[in-house]
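Enquirer: Please read through the structure below; I'll follow up with questions.
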Amino acid sequence: MQSVLENVYAYARSAGVWPTVTALVTCLALTAFQLVRFQQQWKSRRYYGEADHQLPFSVISAFGLIVGPGIEYHWYERFRLYKNTDKELFVFRPRIFGQSHFYTRAPEVLRQMNGPGWDKPDWGVEAMRFWGENLVSAKAEPWKRHRRILQPAFNSKTYEMVWNESTRFYHEMVAAEKWPLQSGSTVRLSDCQKWTSRFTLCVILSCGFGIKLGWDEKVQVNKDDPLTLDEGINLQGSNILLVTFKFIRVATDMMRSWFKNSLAEKRALTEREGALLAHQPLGGKDIFTRLVQASDGSEKMSISESEIIGNTWVFFFAGHETAATVLAACFCFLALHKAEQDILHQEVVDVLKQSSEEELQFEHYESLVKTRAAFVEALRMVPPGNILVREAVEDTVLQVPVFEGGVQIEKKSVPVKKGSILVGDMIGIQYNPRLYPEPEKFQPSRWYGTTGDEAYSAFSLGNRVCIGKKFALMEGVCFLANVMRDYEVEPWLQHGETLEMWKERVLNEVKCELTMTLVSSPVTFRRR
């Protein structure tokens, strides 16, 4: 084909008809584009009906990411997208190019799209498969297998270890980073998430993978290179779509080598202690040990080396990045709400008064209702997972609630054809006034007394609810309670900046990579 094109090019140049050939090729390309566009529009109307919203390009397409509004569209349009409407299911159609989608902000629909008849589209999980198939990227039966293998590792013993290690790392952080111990003294953090990320990484390394380290102890990916494990995870997670670039690829290759070496070491340890480990219940082992042992298990419980590495990376990244994001956001919201800080501080004081212990214990978790509520409210207002994408794997029907004046009047059956795309707008759900009155306000009290699995929709709903939900709640509540016991938090204002200006700069600016985070979280902690 290339030689034919070269011959045509040479002939056109020698015959002096190159402009004509160029014009012809351009016309053919435009005609092909229009034909594809017409086919897309016809398919869109056949599959989805008339559009509720239109943009030049789909926000979840390559064109939308590069020249369109980008994935941050859902965040910046969260107050305008659903304004003056009670509709819970929408049709988005690109004006210029791309595939139409259903969009929903209803948890009732979210629960259905995580059930039978729906699954993740292949194009939506390719980035997560870079390291190997894993719980996040797997579909259908493989997903069930991954879930069966991993679920027993998330148990009460694990959560108690998470609490104890979270307490240890908090105190080590205060000592190592020289946080003030004298009342009234302060420490300023230009980006609070730098510290919350370090905290959650230490917890997942210790509790998830048995790597015991101190707060200021770094884990090198390669003994001959200064790259540390947390740097490698953050670099690769922030550039998952750019792994072909040499400097990122080199770091990624080093990370892959570290994962393989760690796997070999864990397998050797398992073999040496085989007799002892064989008599231990699988549910009592850390995530990494369970994955390694599953590689030698039965067909229903077996897992390949690439799948071990894939799951390891997912838990390293998702296991610390999401909780770190929520903690940083929570401190920023609390910085603007002194009364809420006082409520949390008093709750911790009251819990300790009723106990003979000087430190908060694992058993105190259930009593820290208001602290947990503040963490979950920050999760609602800045959800790390901003969209959820599913594809209909068969013709199906969605039962969509219909509201009028905020009151449900019926359920509407919406036929959905195989191949249709449904996007769960997780930000739209968290800012749905039907669910959360005055959603723009930070009100932890809306969560008082709410602890059920179905309550925290930011962790998803239905069969695919986040497996690490309790893990994240445990470390987040523990860290937040310890900080609120000892410190107050205030906005770190720039010169001449007002509180409203700080709020707009900090709490309205986000970046979306694999997860959504605040661009910055500048705060000051003052010792009580």
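The values are calculated or read from the model by the stated rules, or taken from the named source; none is laboratory data. Here the structure is a predicted model, which is why all the values come from computation and not from measurement. Counting neighbours? That spans all protein chains shown, and the Cβs are built from the backbone with ideal geometry, glycine included. When the accessible area is computed, the model is the full protein with side chains, heavy atoms only, and any ligands, DNA or RNA have been set aside. Shrake-Rupley method; radii C 1.70, N 1.55, O 1.52, S 1.80 Å.
Enquirer: Enter the accessible area per residue of the stretch 138-197 (Å², integer; probe 1.4 Å; all protein chains in place).
Expert: 48 Å²
Enquirer: Apply the Karplus curve 6.51 cos²θ - 1.76 cosθ + 1.60, θ = phi - 60°, to the phi angles in the stretch 516-521 and return the couplings in whole Hz, x for Gly and Pro.
Expert: Residue by residue, the stretch 516-521 yields 9, 9, 5, 5, 8, 9 Hz.
Enquirer: Here's something else I'd like to know. Pop out the ³J(HN,Hα) list for the stretch 148-154 in order, Karplus 6.51 cos²θ - 1.76 cosθ + 1.60 with θ = phi - 60°, rounded to Hz; leave Gly and Pro as x.
Expert: With coefficients 6.51, -1.76 and 1.60, one gets 4, 5, 8, 3, x, 6, 9 Hz.
Enquirer: Under 5 Å between amide hydrogens, which residues at least 5 positions from Leu55 or on another chain qualify, with H placed 1.01 Å from N in the peptide plane?
Expert: Excluding prolines and chain starts, which carry no amide H, the hits are Arg93, Arg95.
Enquirer: Roughly to the nearest percent, how much of the accessible area of the stretch 91-164 is carbon and sulfur, given a 1.4 Å probe?
Expert: It is 59 percent, rounded to a whole number.
Enquirer: Collect residues whose amide H, placed 1.01 Å from N in the peptide plane, falls under 5 Å from the amide H of Tyr103; neighbours closer than 5 in sequence don't count.
Expert: Phe90, Val91, Phe92, Val423
Enquirer: Restricting the count to DSSP beta bridges whose residues both fall in the stretch 45-153, what percent are antiparallel, rounded to a multiple of 5?
Expert: 50 percent
Enquirer: Percent relative contact order of the stretch 379-426, based on C-alpha pairs within less than 8 angstrom and at least six residues apart?
Expert: 48 percent.
Enquirer: Provide Rg and Dmax in Å for the stretch 416-527, with only Cα atoms included in the calculation.
Expert: Every Cα atom of the stretch 416-527 included, Rg and Dmax give 17.6, 59 Å.
Enquirer: Then there is this: Pop out the ³J(HN,Hα) list for the stretch 348-364 in order, Karplus 6.51 cos²θ - 1.76 cosθ + 1.60 with θ = phi - 60°, rounded to Hz; leave Gly and Pro as x.
Expert: Each residue's phi maps through the Karplus curve to give 5, 4, 5, 5, 5, 4, 7, 10, 8, 8, 8, 10, 5, 10, 3, 5, 7 Hz.
Enquirer: If I stretch the segment between Val219 and Asp122 completely, what's the gain in nm (0.36 nm per residue apart, minus their alpha carbon distance), one decimal?
Expert: 31.5 nm
Enquirer: Which residue, chosen from Gly70, Leu81, Val125, occupies the Cα position most advanced towards the positive end of the dipole of the stretch 65-155, where the dipole is computed from +1 (Lys, Arg) and -1 (Asp, Glu) charges on Cβ about the Cα centre?
Expert: Leu81
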